[in-house]
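Please treat every number below as a calculation from the coordinates, not as lab data. Predicted, not measured: the structure shown is a model, and the values here were computed from it. Ideal geometry is used to build each Cβ from the backbone, glycine not excepted, and the neighbour counts take in all protein chains shown.
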Amino acid sequence: MEPGGRPGAEVIKLKGWFAAHRYLILRRISQLAILGLFLAGPLLGVWIVKGNIASSLTLGVLPLTDPLVLLQVFASGHVPEQAALIGAAIVLVFYLLVGGRVYCSWVCPVNIVTDAAEWLRRRLGIKGGANFSSKTRYWLLGAILIVSAVAGSIAWELVNPVSMVYRGLVFGMGLAWGIVAAVFLLDLFVGRRAWCGHLCPVGAFYGLLGEGAVLRVAAVKREQCDDCMDCFAICPEHQVIKPALKGADKGIGTVITSGHCTNCGRCIDVCARDVFAFTTRFSNKSSQVVSGINQKSEVSS
Amino acid sequence: MAKDAHNPSGIDPSRRRFLTGTLRTAVGVGLVALTLGVYQRQARALPATAIRPPGVGDEKEFQAACIRCGLCVRDCPYDTLRLAQLGDAVALGTPYFEARDVPCEMCDHIPCVKACPTGALDPALADINKARMGLAVVVDQEACIAFQGLRCEVCFNVCPVRGSAITLAYQHNDRSGKHALFIPVVHSKDCTGCGKCEKACILEEAAIKVFPIALAKGMLGRHYRLGWEQKAEAGKALVTPDLPHEYNLPEGVRYEHAGKGLIMGDGRPVRPRPSAPEPPLPPFSSNPLDTLNRKGGL
């Protein structure tokens, strides 16, 4: 990336705008299509999906339940009925396959808000801000479960912006637009990726799920990297890239193994050298570690 | 850890950074958790006009189980239920209705309860007449026109449990002196809290309202026992033998509780019927009761 340039400028020149935004467009389609399925009922009277992101029923047969919401139910001391348990199990299996934080980048509507804030932050050249640990989200995740357990009632869902926005869009927003604005301003002025990357306990939960997930992004052609930093600039969790991209010397495989990677695919989009690609966790075997060592020996020779 | 001039505490700087950083995060999150806990406590205070769907008991337990998905709202055929939005006084995202807007139509198959995936609406509720969403209360006797002696009985007539959840008590109309008041009386034994009475009340502001049961119900002291109920249950007096009340009456005279009053030995009521003209009495009769019963006193 040229100084002051925009990440992906090179690849846009090379391949055109659409190719450089392929996964971004797919993600927006995914996010809006899922929202559209929920809205088709109340707006058009086409009842494919009922409910909202916390729990839904598709075509009258398929129950889906957010496992974190159900965890809060358990923490509050209630044992849910079978429908919710089955629904949560299906969702758990799905995200264990495709990556926990796929929820964040392909489903969650707040992602559109925080991506917009990040885009504007970059365009306006806003730097720095509050310095809170990205581990705060784990603390918050623990705290919301403890508060539910102590209070004996679900606490987080009273303020959770993620479920609030989704429920609001499907059932009526009330003052929830204020919360959307708050998250936007937080990410714009208080800190880069402050909400999704540091605070959101929903993302923290799905990140934990993602630790064991199958679908992964890998720096499969990391030897082609020209250190342009576009992927770091665009990545919402940029700490996840370095081990896979620059770990050849240390014998680290090419697959991004962190649960924080949201599988958003933006690194694939913005890389002009085609370093990144979707793969599975099983392609991170020692063969690539060996090849990494080979590369090292090539470099040193 | 070696002590040096720049680090008198002897703590390794990176360790120090880690500890202060962790402490900062812990304190920050702790404050958020505390605020959240306080907010959750306040969110349990249900406004008096907000009625929960069928199958909800304790508000705290309901808020432990409800995941705010709105499936009950979607399966309500009358659009009675809605989810609380940010800014409403009801806990965010939870289902409720306001009877004066849209009351519960008490569907036989209770679709809202069937839709609930977590059991926040108790799946054990199979008979909608057993639902206790709230309790109707005649809150304003000054406004209710039945208390003014006017015929209304709309609440009585719209009640889905007609004749048992709301009954009419007939009382004397003191104003006219010759009419009856038809007073609506709610019985908690049968009232489901559906709110159709509140919806139908003809007044500008309903005189009969449905409140959450916790607000509407009083309770007898736990140690209180109603003697007559205990007696009926046991089939006899529980403390001392139930002796008939003894009147200190002259011989051959007894007292009849059903309204006849004093009865002479021959079955003739002592007080003559109003239709029978009273024979003039001698000033001093041989029967002392004649003196007692004499009109105009002694």
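Once you sort the root eigenvalues of the Cα gyration tensor of region B:86-157 as a ≥ b ≥ c, which label holds: rounded (a/c under 1.5), prolate (a/b larger than b/c) or oblate (the other case)?
In terms of gyration-tensor shape, oblate.
Taking a cut-off of 28 Å between Cα atoms, list the lysines near A:Lys15, but don't count ones fewer than 8 places away on the same chain.
Once the sequence-local lysines are set aside, what remains near A:Lys15 is A:Lys221, A:Lys242, A:Lys246.
Suppose we take every Cα in region A:173-265 and form the convex hull; what volume per residue is that in Å³? Display every interim value, and only then the final one.
Numbers: hull volume 11.3 nm³, N = 93.
Output value, Cα hull per residue: 122 Å³.
Just to confirm the filter: which GluC sites (Glu not before Pro) across region B:58-127 are DSSP coil and have at most 15 other Cβ within 10 angstrom of their Cβ?
Of the GluC sites (Glu not before Pro), the ones in loops of region B:58-127 whose Cβ has at most 15 other Cβ atoms within 10 Å are B:Glu105.
How compact is region B:45-130 by the rule of thumb for globular proteins, expressed as Cα Rg over 2.2 N^0.38 Å? Numbers along the way, then the final one.
Working: Rg = 11.7 Å, N = 86, 2.2 N^0.38 = 12.0 Å.
Relative to the 2.2 N^0.38 Å estimate, region B:45-130 comes out at 0.98.
Quick one: in region A:99-218, what % of C-alpha pairs are over 24 Å apart?
Values: 2160 of 7140 pairs.
Above the 24 Å cut-off, region A:99-218 has 30 percent of its Cα pairs.
Roughly how many whole Å is it from the C-alpha centroid of region B:38-96 to that of region A:1-51?
Cα centroid to Cα centroid, the span is 34 Å.
Quick check for me: using +1 on Lys/Arg Cβ and -1 on Asp/Glu Cβ, what's the dipole size of the protein assembly as shown about its Cα centre, in debye to the nearest 20?
1500
Taking θ = phi - 60°, what integer Hz values does the Karplus form 6.51 cos²θ - 1.76 cosθ + 1.60 yield along region B:251-261, in sequence order, with x for Gly and Pro?
4, x, 10, 9, 10, 10, 6, 6, x, 6, x
So what is the calculated 222 nm ellipticity per residue for chain B, using -39500 (n - 2.57) for each DSSP H run with n of 4 or more, over all residues, to the nearest 500 deg cm²/dmol?
When only DSSP H runs of four or more count, the value is -7000 deg cm²/dmol.
Using a 7 Å offset from the Cα along the Cα-to-Cβ direction at both B:Asp12 and B:Glu205, what is the distance between the two label points in nm, to one decimal?
With each label placed 7 Å out from Cα toward Cβ, I get 7.0 nm.
Compute from the Cα atoms of chain B the Rg and the Dmax, the latter being the longest Cα-Cα distance, and quote both in angstrom.
In order Rg, Dmax, the Cα atoms of chain B give 33.8, 128 Å.
Would you list which aspartates and glutamates come within 20 Å of B:Lys217, measuring only between C-alpha atoms, while excluding same-chain residues fewer than 8 positions from it?
Result set, ordered by chain and number: B:Asp58, B:Glu59, B:Glu61, B:Glu98, B:Asp140, B:Asp190, B:Glu198.
Pick from A:Pro42, A:Pro161, A:Pro67: which residue has the top mean-square fluctuation in a GNM of chain A where Cα pairs under 10 Å get a spring?
A:Pro42
Cα convex hull of chain A: mean projected area in nm², to one decimal?
Average of the hull's projected areas for chain A equals 17.4 nm².
Which residue, B:Asn248, B:Asn129, B:Asn157, tops the fluctuation ranking in a GNM of chain B built on C-alpha contacts under 10 Å?
Per the Cα network of chain B with a 10 Å cutoff, B:Asn248 tops the list.
When the chain is fully extended, how far beyond the present Cα-Cα distance does B:Ala89 get from B:Arg41, taking 0.36 nm per residue of separation? Spell out each step's value before the answer.
Numbers: separation 48, 0.36 × 48 = 17.28 nm, distance 1.30 nm.
This chain segment gains 16.0 nm when fully extended.
Using Cα springs under 10 Å in a Gaussian network model of chain A, which residue among A:Gln239, A:Gln31, A:Gln82 shows the largest mean-square fluctuation?
For chain A, modelled as a Gaussian network with Cα springs under 10 Å, the answer is A:Gln82.
So what's Rg/Rh here for region B:129-224, counting alpha carbon atoms and using the Kirkwood radius for Rh?
Result: Rg/Rh = 1.00.
Which FRET efficiency value, to the nearest 0.05, do you get for B:Arg151 and B:Met219 by plugging their Cβ-Cβ distance into 1/(1 + (r/R0)^6) with R0 = 22 Å?
Efficiency at R0 = 22 Å is approximately 0.05.
Output the Kirkwood hydrodynamic radius of the protein assembly as shown, Cα pairs only, in Å rounded to one decimal.
30.1
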